[in-house]
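Input: a single structure, listed below in structure tokens.
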Amino acid sequence: MVGVHVITTGGTIAMKDDEAAGGAIPAVSGRDLIALLPEGVGAVEVEEYCNLPSAHFTLDTVWGIRARVAELAADDAVQGIVVTHGTDAMEETAYLLDLTVDTDKPIALTGAMRTASEVGYDGAVNLLAAIRVAASDVCGSLGALVVMNQEIHAARHVTKTDTQSTDTFKSLAYGPLGRVDGDEVVVAQRVVRQYIPCSTLNSDVHLIKLAVGMDDGFLRQLMERTAAGVVIAALGGGRVPPWWMPTIREAIDGGMAVVIASRCPTGRVYDGYGYQGAYRDLVEAGAIFAEGLSGQKARIKLMVALGEQRDRRSIQELFRPGT
Ligand code: ASP
């Protein structure tokens, strides 16, 4: 048994100050990270997939991480997997792994908010906690997890809430699944995860965030170039200005998948209003609803859904309540 396999991909957990660059850059290798662990952690293998800020990731980078995690998950010698990752896009990679890697083994993503050059570097403690989670029996079948600041979060619910705080990752609607205290891993609630078979991502899926009085120019542009899909992070429980409705109808009738999420940090997309541009109007137009997923996660799910040939009804089914 190898035990835990760690894949490093970069992020602040792997960054150090560099005079020439004028700030912190990726400079800590996978081996350097493992060297920070105390003795007696157990068998840990490490491999460096890349060393990049997550803002530099392409969809190919993310899909490549997914492919490697899936390969390791299928390896009988591997008990659990840790991915070290930049915190900026961690929730998106976590959700992609959650949706598309069919395994009961724990997959724990972690990172740091302070670089290895700063006082209070949180990389070592987070890595140790993630390794404990990946090695733990109680963390199986929970899908991909984000382990930061001693908390264990479900990929579906977690989001980065603060640009600076080490306590930035929150599952705003439902709270963390559990905690890591010293060498004890405690899971207090479990999630139902969704698996979607997927052999490739459809990268022609976009995200538009609505703001008051905005015109529909971005959506019109996507429609004119027949983009595959768009997520609109709409107002409140899923409302758009009435002048967006003709373009939304045209886009859907032309074959684009239009998913309505909310720009609110929590809550399902639903309302009981009868006015133009509200939920009912969007239902009649044929929009799909993100069911409490954030715009960025609804985009990941739509890229997965459109990665295979699927009609609107089966895409809608993948977004049904409770998924
Ligand atoms: N710049 C970092 C990133 O790669 C931020 C972090 O890791 O905290 O996402």
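Structure remark: mean-square fluctuation, Gaussian network model of the chain, C-alpha springs under 10 Å; the largest value among HIS85, HIS56, HIS206 belongs to HIS56.
Each helix, a run of at least 4 DSSP H residues, gives -39500 (n - 2.57); summed and divided by the residues of the chain, these come to -7500 deg cm²/dmol at 222 nm. In straight-distance terms, cross-link reach from LYS209 covers every one of the lysines whose alpha-carbon lies under 18 Å from its own, apart from those fewer than eight places away in the same chain; here that gives LYS160, LYS297, LYS301.
Amide H to amide H, with H built 1.01 Å from N, ILE260 comes under 5 Å of ILE232, ILE288, PHE289, ALA290, counting only residues 5 or more places away or on other chains.
Just the protein heavy atoms count here, and of the accessible area of segment 150-195 at 1.4 Å, carbon and sulfur take up 47 percent. The string of couplings for segment 246-258 from the Karplus curve (6.51, -1.76, 1.60, θ = phi - 60°) is x, 5, 4, 4, 5, 4, 5, 4, x, x, 7, 7, 10 Hz, one whole number per residue in order, with x for Gly and Pro. Applying Stokes-Einstein at 4 °C and 1.567 mPa s to the Kirkwood radius of segment 112-238, computed over alpha-carbon pairs, gives a translational diffusion coefficient of 74 µm² s⁻¹.
Annotation note: GluC sites (Glu not before Pro) in segment 1-98 located in DSSP loop regions with a Cβ neighbour count of at most 11 within 10 Å are GLU19, GLU39. Helix 90-100 against the longest principal axis of the chain: what's the angle in degrees, Cα atoms only, rounded to the nearest 10? In the chain, helix 90-100 runs at an angle near 80 degrees to the longest axis.
Axis of helix 123-134 versus longest Cα principal axis of the chain: the two differ by about 80°, to the nearest ten degrees. Angle of helix 295-305 to the longest C-alpha principal axis of the chain, folded into 0 to 90 degrees and rounded to 10: 90°. 3J(HN,Hα) along segment 36-45: 7, 6, x, 5, x, 6, x, 6, 10, 9 Hz, from the Karplus curve 6.51 cos²θ - 1.76 cosθ + 1.60 with θ = phi - 60°, whole Hz, x for Gly and Pro. The label point for TRP243 and the one for GLU308, both projected 7 Å from the Cα toward the Cβ, are 4.2 nm apart.
Please give the charge dipole size of the chain, origin at the Cα centre, charges +1 on K and R Cβ atoms and -1 on D and E Cβ atoms. Round to the nearest 20 debye.
Details: 28 positive and 40 negative charges, 228 e Å.
With Lys and Arg at +1 and Asp and Glu at -1, about 1100 debye.
If the chain linking ARG268 and THR226 were pulled fully straight, counting 0.36 nm for each residue of separation and taking away their Cα-Cα distance, it would gain 12.3 nm.
Checking the a/c ratio against 1.5 first, then a/b against b/c, what shape does the Cα gyration tensor give for segment 234-314?
Numbers: a/c = 2.05, a/b = 1.19, b/c = 1.73.
Oblate shape, in that a/c is at least 1.5 and b/c is the bigger or equal ratio.
Each Lys or Arg adds one and each Asp or Glu takes one away; over the other residues whose Cβ falls under 11 Å from the Cβ of TYR279, this sums to 0. For TYR273, nonlocal amide neighbours, meaning residues 5 or more places apart or on other chains whose placed amide H falls under 5 Å from its own, are TYR279, ARG280. Three semi-axes describe the equivalent ellipsoid of segment 276-323; taken as square roots of 5 times the Cα gyration tensor eigenvalues and ordered largest first, they are 19, 13, 10 Å.
Per-residue 3J(HN,Hα) values for segment 159-176, derived from phi via the Karplus relation 6.51 cos²θ - 1.76 cosθ + 1.60 with θ = phi - 60°, read 8, 7, 9, 9, 6, 10, 5, 6, 9, 8, 7, 9, 9, 4, 7, 10, x, x Hz in sequence order (x marks Gly and Pro).
May I ask what percent, to the nearest 5, of DSSP beta bridges between residues of the chain are antiparallel? Could the numbers behind the result be given before it?
Values: 17 of 49 bridges.
Of all bridge pairs located within the chain, approximately 35 percent are antiparallel.
Restricting to segment 1-135, compute how many DSSP beta bridges are antiparallel as a %, nearest 5. Walk me through the numbers on the way to the answer.
Numbers: 4 of 20 bridges.
Restricted to segment 1-135, the bridges split so that about 20 percent are antiparallel.
State the antiparallel share, in %, of DSSP beta bridges confined to segment 210-323, rounding to the nearest 5. Roughly 10 percent of the beta bridges in segment 210-323 run antiparallel, per DSSP. The slack in the chain from VAL119 to ASP104, taken as 0.36 nm per residue of separation less the alpha-carbon distance, amounts to 1.7 nm. Remark: spin-label model distance ASP162-ALA211 equals 2.5 nm, labels positioned 7 Å along the Cα→Cβ axis. How big is D for the chain, in µm² s⁻¹ as a whole number, if Stokes-Einstein is applied with the Kirkwood radius of its Cα pairs at 25 °C and 0.890 mPa s? The diffusion coefficient I find is 120 µm²/s.
For the pair GLU284 and ALA43, what calculated FRET efficiency results from E = 1/(1 + (r/R0)^6), where r is the Cβ-Cβ distance and R0 = 51 Å, to the nearest 0.05? Display every interim value, and only then the final one.
Working: r = 57 Å, r/R0 = 1.12.
Here the calculated transfer efficiency is 0.35.
Under a 5 Å amide H cut-off, with hydrogens placed 1.01 Å from N, THR84 pairs with ILE7, THR8, THR9, THR110 among residues at least 5 apart or on other chains. Among the GluC sites (Glu not before Pro) in segment 210-314, those placed in a DSSP loop whose Cβ has at most 15 other Cβ atoms within 10 Å are GLU308.
The values are calculated or read from the model by the stated rules, or taken from the named source; none is laboratory data. Just so it is clear, the structure is predicted and the values come from calculations on it, not from any experiment. Positions of Cβ are generated from backbone atoms using ideal geometry, with glycine treated the same way; all protein chains shown enter the neighbour counts. With ligands, DNA and RNA removed, areas are computed over all heavy atoms of the protein, side chains included. Shrake-Rupley method; radii C 1.70, N 1.55, O 1.52, S 1.80 Å.
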